[in-house]
Amino acid sequence: MTQLNGKTALVTGASTGIGLAIARRFAQEGATVYLTGRRKVELDAAVEQIGDRAIGIRSDVSKLDDLDRVFTEIAERSGHLDIVVANAGVGDFGPLGEITEEGFDRVTAINLKGTVFTIQKALPLLSAGASVILLSSSAALRGVPGLGIYAATKAAIRSLARTWAAELAVRGIRVNALTPGPVATPGADELRAEIPQGDPAAAPTPLGRIGRPEEVAATAVYLAGDLSSFTTGAELYVDGGVTQL
Ligand SMILES: NC(=O)c1ccc[n+]([C@@H]2O[C@H](COP(=O)([O-])OP(=O)(O)OC[C@H]3O[C@@H](n4cnc5c(N)ncnc54)[C@H](OP(=O)(O)O)[C@@H]3O)[C@@H](O)[C@H]2O)c1
């Protein structure tokens, strides 16, 4: 497996779940991978699990000083980035009428502000032909009760992929949205447990099951590498058909 041989990648929020699966697969494909996350124990475990090609930088995407530290370290160690995956994201259950300011601020700060400043601060390091991958969500296309603010941030992510693809095309940098449906991860399992049974998000996908993080990672490899060299501004769904059928 050498789709990403010699490339340098950053995956935010890579200590568990989808981000960890993407970082692991990128390393298997030959990339050097920087991983971020807030919790030290989980991040250290992820780096140890992936091995020599993994470098952990403990940081919070919603804190601009942390992001500066991340890109300073990457600049010093590698000098450039070929792939950035803005994956760090959180959900919060809150139907209209029960939305709290704390929940709103937390979700928008990580999912939206975190993604915006991750990519903005990565810009000087991005090589010509670099690939930027933004994690959206099938929730952005469905009406899932209780996930309004989360879904709105993910709809914004899809929109940003179009704008930034247009802005960065001149540098040969591609920007695409990667949109999972329900996937078994620590964060999503916790959130799904709060969704009342009978709601659309509690139902299985048309494929009759929820997804595995490795299935999202396989599509991330495609978007990160040369196989997708003529694809930009697009959205790829890894959702068991939940938004399509
Ligand atoms: N799983 C699904 O069903 C699903 C479906 C659609 C979209 N997605 C999207 O896929 C992405 C990954 O989700 P997941 O299910 O794998 O979640 P997860 O299991 O909760 O993992 C999230 C990762 O992000 C890190 N993280 C959270 N907040 C962060 C912050 N402020 N700064 C840096 N790292 C942070 C977490 O580590 P720390 O807590 O230690 O920071 C963890 O490593 C998210 O953007 C999510 O919205 C997931």
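With (1) under 17 Å from Arg77 (Cβ atoms); (2) within 8 Å of the ligand (Cβ to nearest atom); (3) not hydroxyl-bearing (Ser, Thr, Tyr) as the list, and Leu67 as the residue in question, which single condition is left unmet?
(2)
If a residue must be buried (at least 19 other Cβ atoms within 10 Å of the Cβ), over 15 Å from Arg192 (Cα atoms) and away from the ligand (no atom under 13 Å from the Cβ), how many such residues does the range 128-159 contain?
Summing the residues that are buried (at least 19 other Cβ atoms within 10 Å of the Cβ), over 15 Å from Arg192 (Cα atoms) and away from the ligand (no atom under 13 Å from the Cβ) in the range 128-159 gives 3.
Yes or no: the range 210-222 includes at least one residue that is more than 10 Å from the ligand (Cβ to nearest atom), modelled with pLDDT under 95 and closer than 19 Å to Ala140 by Cβ.
No: the range 210-222 contains no residue that is more than 10 Å from the ligand (Cβ to nearest atom), modelled with pLDDT under 95 and closer than 19 Å to Ala140 by Cβ.
Just to confirm my filter: which helices (runs of 4 or more DSSP H) fall fully inside the range 140-245 and include at least 3 residues that are over 21 Å from Gly103 (Cα atoms) and in contact with a Gly (Cβ under 7 Å, 6 or more places away or on another chain)?
148-168
Quick one: which helices (runs of 4 or more DSSP H) sit completely within the range 1-117 and have at least 1 residues that are among the polar types (S, T, N, Q) and surrounded by fewer than 19 Cβ atoms within 10 Å (Cβ to Cβ)?
Passing ranges, in order: 17-28, 40-50, 64-77.
For the range 15-37, how many residues are near the ligand (Cβ under 6 Å from one of its atoms), more than 19 Å from Asp239 (Cα to Cα) and of a type in the set (Gly, Ala, Ser)?
2
Could you check how many residues of the range 74-105 are within 16 Å of the ligand (Cβ to nearest atom) and without any contact (Cβ under 8 Å) to a residue 24 or more places away in the chain?
Number of matching residues: 2.
The values are calculated or read from the model by the stated rules, or taken from the named source; none is laboratory data. On a predicted model such as this, the values are computed, not experimentally measured, just so you know. Positions of Cβ are generated from backbone atoms using ideal geometry, with glycine treated the same way; all protein chains shown enter the neighbour counts.
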